[in-house]
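Here is the structure we will look at.
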Amino acid sequence: MSVSSLAFPACWNCGAPPGGGHFCVGCGKIQPLDPASGYFAFFGLPEKLNLDAADLDRRYLALSWKLHPDNFVRAEEFERNLSLDRSSVLNDAYRVLRDPVSRAEYLLARHGVRKEGQTKQQAPPELLEEVFELNESLEELRAARRSGDAAESVALARSLETAGRNFQAKLGEVDSELAGAFGEWDAALDRSAGEDDRARLMARMNEILNRRSYIRNLVAGVTQELGEAPGE
Amino acid sequence: MAYSEKVIDHYNNPRNVGSMPKEDPKVGTGMVGAPECGDVMRLQIRVNPETQVIEDAKFKTFGCGSAIASSSLATEWVKGRTVEDALSIKNTDIVRELALPPVKIHCSVLAEDAIKAAIGDWKRKQGAEESQASAAAAPAED
């Protein structure tokens, strides 16, 4: 039994158990949304991280049609609002789940492992040193390029491109590590692994995602610098 | 969301940007990061071994305006204080001084962590020196 069917034991229209879906299984009326049920459940999916993008697209389109406020123009205001609520959650859920990184961040946030902004995240000192040095070399390249002559500028653009390729390669490494962790997470769900196992996997994914955000910033820095390149 | 005037001032005219030699026994280096936004902050202090007063402080931060302002302010505040006194600087003081909005509070936390990390590094160096000195059975210095 899903969380939402527990939260709303009776359909507002017919009084029967609504079944936990978007619409009552008895009378077919749209149901209020339990915010605790989450984005995966919204699409009728388990909380797995390897997700078939085409399947998600199909589910999204089908639900867009069914939940669209146009279908409720003649309904009571209450039902219209339910359709608006569900349609807006549908769009948020689709946007978050479509991207593997935001999908994983969402899963970790949902389980309290990752919090935006105010909760401090730990980063290993070697990583900080490395990121700091990479940022410094990027900054030096930038500064040299601002003051340099045209010929020098070309050479610096090349070194920037090399730096960009290095960061991109690092990003690739992190992403394949993340993909590996996704596989382990899904396998853990399949064998109904215990809390400890899952907590350990989530902590590791959190660590990978932290590293990833540093490297992504570096890649973005190089891309921006090359984009702003004078006389290219 | 607009930055406060004080944040903009520190961002445009950051105080004490730079570095000090990491190997110097009088220098403590704190390197901290906020992975969720990709910020890295390095704060260094130079301590007078006689008086325990922080005589100079430098920082370098790769991050948003609030992170830069928080670390710039932190270097201003630690200068002239004793090590123990500098440890009492709280992130909430930084939040108040810079009028940081709730979403930027973690930047001030980072600056507080950087101060603590720099002092911790300096203290470690002092401990290492003392044990070296006693191992060599050198006469105690004043």
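The values are calculated or read from the model by the stated rules, or taken from the named source; none is laboratory data. If you're wondering where the values come from, they're calculated on a predicted model, not measured in any experiment. Every residue, glycine as well, gets a Cβ built from its backbone with ideal geometry; the counts of neighbours run over all protein chains shown. The protein model used for the area step is the full one, side chains on, heavy atoms only, and it has no ligands, DNA or RNA in it. Shrake-Rupley method; radii C 1.70, N 1.55, O 1.52, S 1.80 Å.
So here's what we get for this one:
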{"quantity": "For B:Glu76: the one exception among (1) touching a helix residue (DSSP H, G or I) at 6+ places or on another chain (Cβ under 7 Å); (2) of a type outside the set (A, V, I, L, M, F, W, C); (3) more than 14 Å from every other protein chain (Cβ to nearest Cβ)", "calculated": "(1)"}
{"quantity": "Any chance B:Ala67 is under 26 Å from A:Val222 (Cα atoms) and under 14 Å from the mean Cα position of the chain (by Cα)", "calculated": "yes"}
{"quantity": "Entirely in the stretch A:64-173, the helices (runs of 4 or more DSSP H) that have 1 or more residues that are more than 12 Å from chain B (Cβ to nearest Cβ), within 26 Å of B:Thr61 (Cβ to Cβ) and open to solvent by 80 Å² or more (accessible area, probe 1.4 Å)", "calculated": "A:125-147"}
{"quantity": "Filter result for A:Arg200 (farther than 30 Å from A:Glu152 by Cβ, open to solvent by 20 Å² or more (accessible area, probe 1.4 Å) and without any contact (Cβ under 8 Å) to a residue 24 or more places away in the chain)", "calculated": "yes"}
{"quantity": "Some residue of the stretch A:197-216 being modelled with pLDDT under 90, outside any loop (DSSP other than H, G, I, E, B), within 19 Å of the chain's Cα centre (by Cα) and among the hydroxyl-bearing types (Ser, Thr, Tyr)", "calculated": "yes"}
{"quantity": "Conditions (1) out of contact with any helix residue (DSSP H, G or I) (no Cβ under 6 Å at 6 or more places or on another chain); (2) of a type outside the set (S, T, N, Q); (3) farther than 16 Å from A:Tyr94 by Cβ; number of the one not met by A:Gly20", "calculated": "(1)"}
{"quantity": "Top-ranked residue of the stretch B:92-119 - restricted to ones that are crowded, with 24+ Cβ neighbours inside 10 Å and more than 10 Å from chain A (Cβ to nearest Cβ), ranked as nearest to B:Tyr3 (Cα to Cα)", "calculated": "B:Leu98"}
{"quantity": "Residue tally, condition polar (S, T, N, Q) and modelled with pLDDT of 95 or more, over the stretch A:53-80", "calculated": "1"}
{"quantity": "The one condition in (1) surrounded by 17 or more Cβ atoms within 10 Å (Cβ to Cβ); (2) in a loop (DSSP other than H, G, I, E, B) that A:Ala193 fails to fulfil", "calculated": "(1)"}
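Residue-by-condition table, conditions (1) at pLDDT 95 or above; (2) more than 14 Å from chain A (Cβ to nearest Cβ):
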position	(1), (2)
B:Asn12	no, yes
B:Gly28	yes, yes
B:Met31	no, no
B:Arg46	yes, yes
B:Val53	yes, yes
